[in-house]
1. Could you check how many residues of segment 35-45 are touching a residue at least 40 places away in the same chain (Cβ under 8 Å) and surrounded by fewer than 19 Cβ atoms within 10 Å (Cβ to Cβ)?
2. Looking at (1) among the hydroxyl-bearing types (Ser, Thr, Tyr); (2) within 8 Å of the ligand (Cβ to nearest atom); (3) at pLDDT below 95, can you tell me which one residue 93 breaks?
3. So residue 76 fits all but one of (1) in a loop (DSSP other than H, G, I, E, B); (2) more than 8 Å from the ligand (Cβ to nearest atom); (3) not hydroxyl-bearing (Ser, Thr, Tyr); what number is the exception?
4. Working only within segment 57-66, note down all residues that are surrounded by 12 or more Cβ atoms within 10 Å (Cβ to Cβ), more than 7 Å from the ligand (Cβ to nearest atom) and not β-branched (Val, Ile, Thr).
Amino acid sequence: MLIFPEHGFGADKALGEIRYNKSCVNCHGPAGKGVASYPKISGNEVSYTTTKLKAYREGVKQGPNSALMIMMAKPLTDEEIENLAAYLEDAKYEVE
Ligand code: HEC
């Protein structure tokens, strides 16, 4: 059996970043920094982000614009949610 200790609790930040840039960046901005009415989603603990995403996936409304997020969260697997949360926990947006 192979063990990959660099993956911590099984979450893969690199995969999370790829997934983020595919499906989330258009609304939440680079590295989850937030854009206009789309909330900042980086810098939160993994447990916070996973709880939010799983609730949206189940169709639970949380804020006034949950319909958008429910639609976005529906196709996510548990693994993708873990990876996204791991990436977003310390994703940073640097202005060059
Ligand atoms: C179409 C625009 C859009 C896309 C694409 C989108 N989001 Fe969101 N997201 C929102 C909006 C709007 C909210 C606030 C929803 C509400 O009012 O409940 C939100 C809320 C969230 C929250 C909760 C923030 C908080 O602290 O309450 C998380 C976490 C989140 N999004 C993650 C993601 C991830 C991960 C993806 C990619 C899989 C993604 N979002 C894609 C628009 C979007």
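1. From segment 35-45, those touching a residue at least 40 places away in the same chain (Cβ under 8 Å) are 41-45; that's our starting set.
Now drop any that are not surrounded by fewer than 19 Cβ atoms within 10 Å (Cβ to Cβ), which leaves 43-45.
Residues flagged as touching a residue at least 40 places away in the same chain (Cβ under 8 Å) and surrounded by fewer than 19 Cβ atoms within 10 Å (Cβ to Cβ) within segment 35-45 amount to 3.
2. (2)
3. Answer for residue 76: the failing condition is (2).
4. 57, 59
The values are calculated or read from the model by the stated rules, or taken from the named source; none is laboratory data. What you see is a predicted model, and the numbers here were worked out from it, not measured in a lab. Backbone-built Cβ (ideal geometry, glycine too); neighbour counts: all protein chains shown.
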